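Colleague: Mind looking over this structure? Questions follow.
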Amino acid sequence: MTTTTPRALPVLAVAFLFAGIAGAALAPPDAEVNPATGQIEAVDEMVGAGGADIRHTVDGGPGQPDTSIVLADDPAPDLDPRIAIGPDGKSWVVWWRDAAIDTVLLRWRGPDGSWMTELPISEPDEPSRSPEIVHDGSQIFVIWLIDDGEGQDIAVRSGSGPSPWPSRTVIHRTYYTGDADPDIHSSGGKLWVTWVESSDALGWSRYDYSTSTWSAPRFEPLGDGGRDAALARIAEQVQAD
C-alpha cells in the first residue's frame, strides 16, 4: 500500500528484525517506520498453541534487543496482519480471524506503549477478510472483502479511536471469482482504493474529503504493462482530479 509515512523498508532490515524471534512465521511480515521514534515496527503471523497468532515486533536498534508482543492468540487462526503508524507514533494493526463467520479486527497502541483491546470493525453477520490499512495523517482507513459466496463487496471503514466508528461503506460489488486483493492508498493529500475487478482490469474509487464520500467505481485495463503499470495510471488519475 502507499502511505503518508515511510514504508519502503530494506528487505534485509526486515529479515534481520525477525531472524532472532522465536516461533515460526507463517507469512511475511508487514513493516513500517514509526515517524515519532525512527524504529521499524512489524507484524506477522506466528505459530501459537491454537494455530496462527498475530505478533508485533519493534526493532530496538543497533546493540539493543528487539521487543515482541502477541496481539491475538484466539483458538481460531488469526491471519494477514497489516500495520499503519500515524505521525503521532500511534500504531494500528488490522487482521482477520478465520472463524465461523470471518471477522476483521483492529488493535492500536498509544504513544505510551499500551495496547487497546481488539475491536471488531466488520459487521457480525458478514464474512470478512483480507484487510488493508492506511493512515492519511489524521485518521485510519481500513478496506476489506465481504465474501458471501456469490460476490465480493469492497468495504471501507475509518476512525481515529475507540468505537463506535461510522458504519462501514460498501464501495462496489465484484463477481470476480479470484482474489479481489483490495488495497488502500494515501499520497499527496489524496486517498483511493483499488481491487482486482477481472482477469484483465483493476477497479478503483477515490475518496472526496469535502463530502466524505467515495466516487463511483472506475476500471483500468491491465494492458501490456500489467498490474504495476495499471496502478501507476490510476495514481496519476487520482492526483489529476
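Colleague: Roughly speaking, to the nearest percent, how much of the chain's 1.4 Å accessible area is carbon and sulfur?
Modeller: 54
Colleague: Peptides 187-196, 221-230: what's the order by average Cβ count within 10 Å, highest mean first?
Modeller: So the order, starting with the most tightly packed, is 187-196, 221-230.
Colleague: Another question about this same structure. Given points 7 Å out from each Cα along the Cα-Cβ axis, report the Arg227 to Tyr209 separation in nanometres with one decimal.
Modeller: Here the modelled spin labels are 2.9 nm apart.
Colleague: About the Cα centre of segment 84-241, what is the dipole size in debye to 20, counting +1 per Lys and Arg Cβ and -1 per Asp and Glu Cβ, all else neutral?
Modeller: Here the size comes out at about 540 debye.
Colleague: For segment 122-181 and segment 66-107, what is the separation of their Cα centres, given in Å?
Modeller: First find each Cα centre; the distance between them is then 15 Å.
Colleague: What list of whole percents do you get for P(r) of segment 120-230, with Cα-Cα distances grouped in 10 Å bins up to the one holding the largest distance?
Modeller: Percent of pairs per bin, in order: 14, 47, 32, 7, 0.
Colleague: Now for a different question. Taking 22 Å as R0, compute the FRET efficiency from the Cβ-Cβ separation of Val70 and Asp98 and round it to 0.05.
Modeller: Rounded to the nearest 0.05, the efficiency is 0.85.
Colleague: Rounded to the nearest 20 debye, what is the charge dipole size of segment 87-133 about its Cα centre when +1 sits on each Lys and Arg Cβ and -1 on each Asp and Glu Cβ?
Modeller: 220
Colleague: Determine the calculated [θ] at 222 nm for the chain from helices alone, applying -39500 (n - 2.57) to every DSSP H run no shorter than 4 residues and normalising by the residue count; nearest 500 deg cm²/dmol.
Modeller: The helix contribution divided over the chain gives -3000 deg cm²/dmol.
Colleague: Something else now. For segment 31-83, give the magnitude of the charge dipole about the Cα centre (Cβ charges: +1 Lys/Arg, -1 Asp/Glu; no others), in debye to the nearest 20.
Modeller: For segment 31-83, the charge dipole is close to 140 debye.
Colleague: Give the Rg (one decimal place) followed by the Dmax (whole number) of the chain, computed from C-alpha coordinates and expressed in Å.
Modeller: Calculated on Cα positions, Rg and Dmax stand at 17.6, 53 Å.
The values are calculated or read from the model by the stated rules, or taken from the named source; none is laboratory data. Given the structure is predicted, the values throughout are model-derived calculations rather than measurements. Cβ: placed from backbone, ideal geometry, glycine included. Neighbour counts: every protein chain shown. For the accessible areas, the whole protein counts, side chains as well, though only heavy atoms, and no ligand, DNA or RNA atoms are used. Shrake-Rupley method; radii C 1.70, N 1.55, O 1.52, S 1.80 Å.
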